[in-house]
Amino acid sequence: MANDNKILIFDTTLRDGEQSAGIGLTKFEKLEIATQLNKLNVDIIEAGFPASSPGDFESVKLISEKIKEPVIAALARCVPSDVEAAWIAIKNAENPRIHVFINSSDIQIINQLKKDREEVLNMAVFCVEKAKKYCDDVEFSPMDASRTDMNFLYQLIEATVKAGATTINIPDTVGYTMPWEFKNQIENIIHNVPGMDKIVTSVHCHNDLGLSVANSLAAITAGARQIEGCINGLGERAGNAALEEVIMAIETRKDLLKVETDINTKEIYKTSRLVSDITGFPVQPNKAIVGANAFRHASGIHQDGVIKSKSTFEIMDPKSIGLTGNTLVLSKLSGRAGLKSRLEDLGYNLSSEEINKTFEEFKILADKKREVTNQDLESLMSNQKRSERSSGQFELVSIDIESGSNKNPTAKIDIKNTQNNKIKRSTSTGTGPVDAIYKAINKQIDLKVILNEWRIEAVTEGIDAIGDAIVKLEHEGSLVVGRGSDTDILVASAKAYIDGLNKLSNK
Ligand SMILES: [Zn+2]
């Protein structure tokens, strides 16, 4: 297996990524991300850690039932009840995998587990054997492997391979290792541990020193054939290896790496946008591959070169990640057919009913903005999906805001309760217009929430851009992201707050 040139892409956005501070996704949001990961054609989706919470258990179960092509993995500590919970959650998957892990470095064995190496070895073997009874596909990870004594690591890996592990994952859990050091380590493991030629060697690199992608690629040159990571580099602390970077590095430097993936790279941009949209984690503009500036040439010399021949300063074709460019625009004079074909170019194949609905929304937008760009259309489509996702109890009907340098900010808001179809009005003042809006909404919706974050982003350039409001709301320890878009940022803010409240009341 180690000689195969195919690199398996293992996505852990829904597990390690969701662990990142401040993200709380509902099971439907997770399913939506999993559906997109399936379109991206990742080989393995780590859907969650079922023993960690009932919500996680439910999400893993739902994804296992709905997403059939990729392997669906569930994480478990080396604790029998964790392995059982993982199995119950994924047993309906077409291709289930149980992923068990245990601390292996002395620092973590002594300080965190308060055990010794022998106990760790026994627990690992016991739980891999237990997992193997449920399911053929078992992955084992010695946590903090890169800081583990190599002889103990060999022993632990050999024993778990004998116990039935089919993938051995070497995590650089704390993002400590250097690429050349990691390459050596992976080579040593593959050469010194009996049985490694029959299983898949995987790596899981964290980005504390900004080296997660470099370490992953170094591991490939040493024989690793599965790379774990997250979309947009999400994950604990500084995050995991950004999968889009690993994938495009493999794609762009085939000449050197001589390996390939089965990824449909044209879905990369859309996947990145969706993950950012749902998690509320923005993508930095200068982020490799998916940042807003990743394919923009600012210097005159570079622009001149690119106009003469793209390859002068572009190592990748933006189309290869599904970026369609922003040059063509639609206006309010554009017809249904024009809209339909543009949406098809962007990868949205809508039924005639859906086109009709989208066309109505497009007309409203085109009335407000002179030109409607691809980005506007993508925002429109993600807005539609968002409202399907959070179609909840409360709907914004109308809002009136008064504010200014000499005024006391006041908001008057009408909200429909879809359970009884009644519209209620409330009014409030506040320190600013957003404060007034949220206080007015709070008067109607009886849910004590803490507003952890409020942010406005412009979806496109120009003063007529659509504003995207993002809020993070906390209620009894659960965190949700609410979003809303409008050309009026105060209306967007109201929509985002109501979206968040709907999600909390669904939880
Ligand atoms: Zn991790």
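The values are calculated or read from the model by the stated rules, or taken from the named source; none is laboratory data. Keep in mind the model is a prediction, meaning the values are calculated, not measured. With ideal geometry, Cβ positions are generated from the backbone for all residues, glycine too; neighbour counts draw on all protein chains shown.
For ASP172, state whether it is assigned by TED's automatic domain parsing to the domain that holds GLU18, within 12 Å of the ligand (Cβ to nearest atom) and charged (D, E, K, R).
On the way: assigned by TED's automatic domain parsing to the domain that holds GLU18: yes; within 12 Å of the ligand (Cβ to nearest atom): yes; charged (D, E, K, R): yes.
Taking the combined requirement at face value, the residue satisfies it.
Confirm whether VAL193 is within 16 Å of the ligand (Cβ to nearest atom) and crowded, with 16+ Cβ neighbours inside 10 Å. No; evaluated as a whole, the condition is false for this residue. Scanning the range 363-380 for residues that are within 28 Å of the chain's Cα centre (by Cα) and either assigned to a helix (DSSP H, G or I) or surrounded by fewer than 19 Cβ atoms within 10 Å (Cβ to Cβ) (or both) turns up ASN374, GLN375, ASP376, LEU377, GLU378, SER379, LEU380. Residues of the range 3-46 that are within 30 Å of ASP197 (Cβ to Cβ) and more than 16 Å from the ligand (Cβ to nearest atom): ASN3, ASP4, ASN5, LYS6, ILE7, LEU8, LEU37, LEU40, ASN41, VAL42, ASP43. Has the range 348-365 got at least one residue that is within 20 Å of VAL275 (Cα to Cα) and outside the structural domain of ALA465 (by TED's automatic domain parsing)? Scanning the range 348-365, I find at least one residue that is within 20 Å of VAL275 (Cα to Cα) and outside the structural domain of ALA465 (by TED's automatic domain parsing), so the answer is yes. Applying the condition of being over 18 Å from VAL200 (Cα atoms) and part of a loop (DSSP other than H, G, I, E, B) to the range 131-152 and asking which residue is farthest from the ligand (Cβ to nearest atom) yields ASP149.
Taken over the range 153-173, the criterion of being under 16 Å from GLY229 (Cβ atoms) and among the aliphatic types (A, V, I, L, M) is satisfied by ILE170 alone. Within the range 443-487, the set of residues being touching an Asp or Glu at 6+ places or on another chain (Cβ under 7 Å) and among the acidic types (Asp, Glu) comprises GLU457, ASP468. Of all residues in the range 473-507, those that are over 30 Å from ARG370 (Cα atoms), charged (D, E, K, R) and surrounded by fewer than 22 Cβ atoms within 10 Å (Cβ to Cβ) total 3.
This table checks each residue for (1) touching a residue at least 40 places away in the same chain (Cβ under 8 Å); (2) touching a Lys or Arg at 6+ places or on another chain (Cβ under 8 Å); (3) among the basic types (Lys, Arg).
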{"position": "LYS439", "(1), (2), (3)": "no, no, yes"}
{"position": "ASN452", "(1), (2), (3)": "yes, yes, no"}
{"position": "GLU474", "(1), (2), (3)": "no, no, no"}
{"position": "LEU490", "(1), (2), (3)": "yes, no, no"}
{"position": "LYS503", "(1), (2), (3)": "yes, no, yes"}
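Pairs are defined by a Cβ separation below 7 Å, a sequence spacing of at least 6 or placement on different chains, a first member in the range 196-225 that is without any contact (Cβ under 8 Å) to a residue 60 or more places away in the chain, and a second member that is within 16 Å of the ligand (Cβ to nearest atom) and of a type in the set (Lys, Arg); the pairs so defined are HIS206/ARG237; ASP208/ARG237. Of all residues in the range 457-471, those that are farther than 21 Å from ILE364 by Cβ have Cβ atoms under 9 Å from Cβ atoms of residues that are part of a strand (DSSP E or B) and of a type in the set (Asp, Glu), 6 or more apart or on another chain, in ILE470/GLU453; ILE470/GLU457; VAL471/GLU453.
Based on what the data block shows, is VAL200 over 19 Å from ILE109 (Cα atoms) and either within 16 Å of the ligand (Cβ to nearest atom) or aliphatic (A, V, I, L, M) (or both)? For VAL200, the condition - over 19 Å from ILE109 (Cα atoms) and either within 16 Å of the ligand (Cβ to nearest atom) or aliphatic (A, V, I, L, M) (or both) - is met. Of the residues examined, LEU274 is one that is modelled with pLDDT under 95, among the hydrophobic types (A, V, I, L, M, F, W, C) and within 27 Å of PHE28 (Cβ to Cβ).
Would it be correct to say that GLN155 is within 16 Å of the ligand (Cβ to nearest atom), free of Cβ contacts under 8 Å to residues at least 40 places away in the same chain and part of a helix (DSSP H, G or I)? Judged against the criteria, GLN155 is not a match.
Filtering the range 80-117 to residues that are surrounded by fewer than 18 Cβ atoms within 10 Å (Cβ to Cβ) and either basic (Lys, Arg) or at pLDDT 95 or above (or both) leaves PRO80, SER81, GLU84, ILE88, LYS91, ASN92, GLU94, LYS114, LYS115, ARG117.
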